[in-house]
Amino acid sequence: MLQPVPDDAREAVAFEAGSKDPLEELPVPEPEEVSFPMPAFTAPSAEDTIPDTDFLPEPRPSGRPAEIDPDKLDPDALKVIHRLHSHGHEAYLVGGCVRDLSLGRTPKDFDIATSAHPGEVRAIFRNCRLIGRRFRLAHIYFKGGKIIEVSTFRANPTELVDSPADNGNGEEEGSEAEESQNPDLLITHDNVFGTAEQDARRRDFTINGLFYDVVEGRIIDYVRGRRDLDEHYIRTIGDPEIRMREDPVRILRAVRFASKLGLDIESRTYAAMEGAVEDLPRCAPARLLEETFRLIRGGVAAPSLRLLDALDALKILLPPVAAYFKEQGRRGQETFYAYAEALDRRVASGELLDDAILLAALLVPIAQASPVVESLDAAGRPSVSQAIEDLLAEFVQTARLPRRIAERCRLLLIAQRTLSGERRKKTGAFRRHPLFADALIVFEISVEATGRHRDALEAWKRGDVPSSRPSTESSAAEGDAPRKRRRRRRRGGARNKPGATEGASTAPSAAGASESTAGDASDEASDDEESDDTFDAGDSDDDSGEDAEGASDEG
């Protein structure tokens, strides 16, 4: 029989005291006559310990070969399934791993669906933690930070409503009356347990509703997902209009699967996505931002953003990008997607890029197309275009983007003008700054996308200083003529003149001298500001941003 769920204090002590691997030191099942729980540190019995070798029997009970090669399955996921089976629960591999293995791809992770409730899963696995608000999930931790996610079979809340009421004539009320009473299909409560078939039918797309029974070695298909995989279609489970209204974030998921897997979106599903775009603002901003970042992190930013633009969803997800397309027209779109494609190539090469780099690389063409902002803002920081400032501020305030990432993105965009030679900078301090390497990565993506400033990039890589050049805006305003710089006065020059005495000044020229000196001092001050404020002003905000990030994460 199952052990009762241990209290949090004893569980914390057991976890701190150090079970090396929860699947190597197993709790002993209680004898039925014992009514109290066994101690947390009871040694596992030999027969209950899961070996490191594959436990699947050969030949399988059905006598048929496995539909998925067992060597491609994650051994830790198999151990978790075996443990759940040994405690009398159903357990299957589910979702993306089954989909990817069926397509001959390598899954990013292996998820498990089970009949065990979250509390029962936590009682079975010693280093299990429960997470989630809308629905409780179990994370089982392995060495090296690896996590196996275990979810309980769920049912779709919209399918578990009471049966239609009797209208007094022995007939059920029509669907129109039902729809008028419950016009809003947005799912806000999803903590309803169900069966394996109900769990498959509540999922978003047929290709994600496949289960895999590792003991029988067969794929369980309740939703005709294998047919859609063979036909290379993305199709919702059930009515697409209802499914998209239940959770409009499914629009972004469909876009990601279509771009990542090279699948087509079924026509009715695509039409429902177009109609549900207006419901995107009703979703939690943090979920929208996370799904948007998944598009970029997955190396499919260009095709995904093209599809979102066709759906008219960019005005909600990335308003500055939509405004840039409208202002710059076809040429602006070509420039933007050139940056996105260059970024995808970097990600596809296996390079791990920070979220700030990913976001900055997409916003570079928008920052370059905006008027140059030379003045500092109220906080004493160099500024980028107001549209980008507003976007980053909104992400921080409403979408829980860590302030540290927003500030790094802003500084990376400012540094691009220095790297291209349009802004003067003290080279030594600039190279020594921790953000210099990240700024150079964004600059490399910019050079690859446009072909411009390649000589400056090579100079920075060699350790040289590229020749400064006037900005595009100033050159256009002055007729492409180079800007003349005021010649600096040597310090102490007046004191070195013959006849000059210490502390003395010539009265007739005092006003002119002070005016000239003020002009030279302002030039020097501006040079120092360009040398130091680009990154230094951001450093203080970066530290406060880490505190803000921690606060937002805890929230």
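The values are calculated or read from the model by the stated rules, or taken from the named source; none is laboratory data. A quick note: this is a predicted structure, and the numbers were derived from the prediction, not measured. Cβ: placed from backbone, ideal geometry, glycine included. Neighbour counts: every protein chain shown. Note: accessible area is taken over every heavy atom of the protein model, side chains too, but ligands, DNA and RNA are not part of it. Shrake-Rupley method; radii C 1.70, N 1.55, O 1.52, S 1.80 Å.
Using only C-alpha atoms and all pairs of different ones, pull out the Kirkwood radius for region 213-260 in Å with one decimal.
On the way: mean 1/r = 0.0803 Å⁻¹.
With all distinct Cα pairs of region 213-260 included, I get 12.4 Å.
Extension gain, residue 331-residue 278: 0.36 nm per intervening residue step, less the Cα-Cα distance, totals 16.3 nm.
Potential lengthening of the chain between residue 134 and residue 323 amounts to 64.6 nm, from the contour at 0.36 nm per residue minus the alpha-carbon distance.
Please compute the per residue accessible area over region 215-297 with all protein chains in place, 1.4 Å probe, rounded to a whole number of Å². Intermediate results must be reported in sequence, preceding the final value.
Details: 3470 Å² over 83 residues.
Accessible area per residue, region 215-297: 42 Å².
Extension gain, residue 462 to residue 105: 0.36 nm times the residue separation minus the Cα-Cα distance gives 124.5 nm. Computing FRET efficiency as 1/(1 + (r/R0)^6) for residue 429 and residue 390, where r is the C-beta to C-beta distance and R0 is 35 Å, gives about 0.75.
For region 246-311, would you read off the P(r) tail past 19 Å as a percentage of all alpha carbon pairs?
On the way: 527 of 2145 pairs.
Of all Cα-Cα pairs in region 246-311, 25 percent lie more than 19 Å apart.
Put a dot 7 Å past the Cα of residue 349, heading toward its Cβ, do the same for residue 369, and the two dots end up 2.6 nm apart. Eigenvalues of the alpha-carbon gyration tensor of region 64-119, scaled by 5 and square-rooted, set the equivalent ellipsoid semi-axes at 21, 13, 10 angstrom, largest first.
By accessible area of protein heavy atoms, probe 1.4 Å, what ranking do 237, 316 get, highest first? Please report the intermediate quantities before stating the final value.
Values: 237 15, 316 50 Å².
Descending accessible area places them as 316, 237.
Label zone of residue 71 (point 7 Å out along Cα→Cβ, amide N under 14 Å): in region 92-121 this covers no residue at all. What the Cβ-Cβ distance of residue 197 and residue 437 gives, at R0 = 41 Å and to the nearest 0.05, is a FRET efficiency of 0.20.
Using 23 Å as the Cα-Cα cut-off, could you pick out the over-long pairs in 260/461; 143/260; 108/260; 79/108; 108/315? Can you show the working numbers first?
Numbers: 260/461 33 Å; 143/260 29 Å; 108/260 12 Å; 79/108 18 Å; 108/315 31 Å.
With Cα atoms farther than 23 Å apart: 260/461; 143/260; 108/315.
For the pair residue 452 and residue 268, what calculated FRET efficiency results from E = 1/(1 + (r/R0)^6), where r is the Cβ-Cβ distance and R0 = 35 Å, to the nearest 0.05?
Values: r = 45 Å, r/R0 = 1.28.
The formula returns an efficiency of 0.20 here.
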